[in-house]
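The values are calculated or read from the model by the stated rules, or taken from the named source; none is laboratory data. This structure is a prediction, so every number in the text was calculated from the model and none was measured. Neighbour counts are summed over all protein chains in view; Cβ atoms, including those assigned to glycine, are modelled from backbone coordinates with ideal geometry. We work out accessible area using only protein heavy atoms, side chains counted, and drop any ligands, DNA or RNA first. Shrake-Rupley method; radii C 1.70, N 1.55, O 1.52, S 1.80 Å.
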Amino acid sequence: MIEIRGIRKAFGPVAVLNGIDLSIAKGEIVALIGRSGCGKTTLLRCINFLEDYDAGEIKLDGEVLWYRQLETGERRRHSERDLARQRQRMGIVFQQFNLFPHMTALENVCLGPRFGQKLPGPTAELRAREHLARVGLADRVNSYPAQLSGGQQQRVAIARALAMKPQVLLLDEITSALDPELVAEVEDVIRALTQEGIAMVLVTHAIAFAREIAHRIAYLAEGQIMEIGTARDMLDRPRDPGLQDFLRRIR
Amino acid sequence: MAMTLSDLWVMTQAASLSLLLALASIALGTALALLLTPLAFAPWAIARMLYRLFIFVVRGTPVLLLALLIFYALAAFWGRISPYTAGVIVLTLYLAALFAEVFRGGVLAIPRPLWDCCKSLGLPRLSILRRVVGPLVARYTLPPYLNVCVMAVKASSVLSIISVWELTLASREIIERTLDVYRVLAVAAILYFLMCFAIDRLGRRLEIRLAARGFAGERL
């Protein structure tokens, strides 16, 4: 469903992504692991075009996203409208929940459907309520982010991403900023989503969780995918020496 | 000769004119600043340069000089102009520069991840402005904005130099007539203080109201 080919990205002289190839099937869950600074978050941001990339191509259901190739070989960004439309086909959840602080949980979740997808107000609100209920926050719809715990805020952020009905969910270390006792409630929400067959790409340091839900795990180092395979192969029989070392360190 | 009760009455009238001048300039200056601030973030270098030039000139000039300059320049090129019109123009330009910088600071204070959220939700630019940037900037910048509003009341005294009859000019007239220097100046000071205090109170109430709507937020 998602085809990533030869993505390259440099910040000034520092190459962060050195030609990433990755295909994600419909309903597949892929976990990206690796040392901090290996480029996994940058890759995730490139997929959603929150970061532009220097070369390569990202396709979603055959449609080339973000850039179009001119006949001269140059590439141009799509128009803002097209970019917005394409971004709406993905949802992203960040490490720091990033809710809009001046809006209630309901308003946060409503915003995308109402003004991004231009649904009529009542329809958008109904959808927002549904998704807040789905993450177990039906009774907190009118709370402001500051009145919610970290775990609750992150669940609102997940509901906000899901309310756009995305084809794929991008999760960027969504439990790293949480107190340990709040991690479980967020992981439960994600676990429930795996039953619904939505594709996910997650950047994570929670190896046990990745093993549990991911169909495949990709190990990134120096801006490349050094090894990719099923969770069991990757974690129990790692071949790449870097990965072996990485797994030893975090266990 | 001591100042009389009718002098006091005259001074309150002059004070209300000062307040009126300040309020009109605050309203117009805010409107102008709302047009200016987007220039600072425009994708075109020429727009950003124009913005910086405007701020540089207006903020870098003493208001007194600005008042004289604009009054005489307008009079020379436009023919006779009422000092009141010129006064409002001067204060408007001055406040617009200060407000625009306050708003610019507010936009810069929006955390980058929130911009990312707007983008990934596919919000159109106008919605981002209305639903996110506007409300956040309003909350971030209310205290410095009020600061400038209070300054506006006091800056209006400068307009006495171009013969705008407001509290400072009226006080000087009364002093010249009565020679009751200290009492008149003390009354003028009290009147200025009351006006500033009123703005301060009003702002504080607005802040509390915004805080009640989710913005005590980060301080809870």
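Summary table below
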item	result
Filtered trypsin sites (Lys or Arg not before Pro), region A:81-170: DSSP coil and at most 11 other beta carbons within 10 Å	A:Lys118
Local net charge near A:Ala184, Cβ-Cβ under 14 Å (Lys/Arg +1, Asp/Glu -1)	-4
For region B:5-212: accessible area per residue (Å², 1.4 Å)	54
Exceeding the 21 Å Cα-Cα cut-off - candidates A:Lys59/A:Lys118; A:Lys59/B:Lys119; A:Lys40/A:Lys165	A:Lys59/A:Lys118; A:Lys40/A:Lys165
Rh by Kirkwood over Cα pairs, then Stokes-Einstein D for the protein assembly as shown at 0.692 mPa s and 37 °C, µm²/s	125
Helical contribution to [θ] at 222 nm, DSSP H n ≥ 4, -39,500 (n - 2.57), averaged over chain A, rounded to 500	-10000 deg cm²/dmol
Within the protein assembly as shown, percent of DSSP bridges classed antiparallel, to nearest 5	60
For region A:1-65 versus region B:100-115, the gap between their alpha-carbon centres in whole angstrom	29
Accessible area per residue in Å² at 1.4 Å probe, computed on region A:66-180	43
Residue-averaged beta-carbon neighbours from other chains (10 angstrom radius) around B:125-135	3
A:Lys9, A:Lys26, A:Lys59, ranked by accessible area, largest first (probe 1.4 Å)	A:Lys26, A:Lys59, A:Lys9
Cβ-based charge dipole, region B:5-212, positive-most Cα from B:Leu35, B:Ala75, B:Ala45	B:Ala45
Loss of accessible area when A meets B, both sides summed, Å² nearest 100, probe 1.4 Å	2200
Residues in region A:50-71 that, when all protein chains are in place, have 30 Å² or more less accessible area than the chain alone would give (probe 1.4 Å)	A:Leu50
Hydrodynamic radius by Kirkwood, which averages 1/r over all alpha carbon pairs of region A:1-92, in angstrom	13.9
Within the accessible area of region A:101-242 (1.4 Å probe), percent carbon and sulfur	49
Student exercise, the protein assembly as shown dipole from Lys, Arg, Asp, Glu Cβ charges, in Debye to nearest 20	500
Complex-versus-alone comparison for region A:102-124, residues with a loss of 10 Å² or more in accessible area, probe 1.4 Å	A:His102, A:Met103, A:Leu111, A:Gly112, A:Phe115, A:Gly116, A:Lys118
Linear extension gain, A:Asp179 paired with A:Val64, 0.36 nm per residue minus alpha-carbon span	37.5 nm
Minimum 50 Å² accessible area buried by the other protein chains, region A:144-188 residues, probe 1.4 Å, relative to alone	A:Tyr144, A:Ala146
Dipole in debye (nearest 20) - chain A, about Cα centre, beta carbon charges: Lys, Arg +1; Asp, Glu -1	300
Calculated P(r) of region B:5-212 - Cα pairs past 26 Å, %	45
Net dipole in debye of region A:1-105 [+1 Lys, Arg Cβ; -1 Asp, Glu Cβ; about Cα centre; nearest 20]	180
Normalised alpha carbon radius of gyration of chain A [divisor 2.2 N^0.38 Å]	1.02
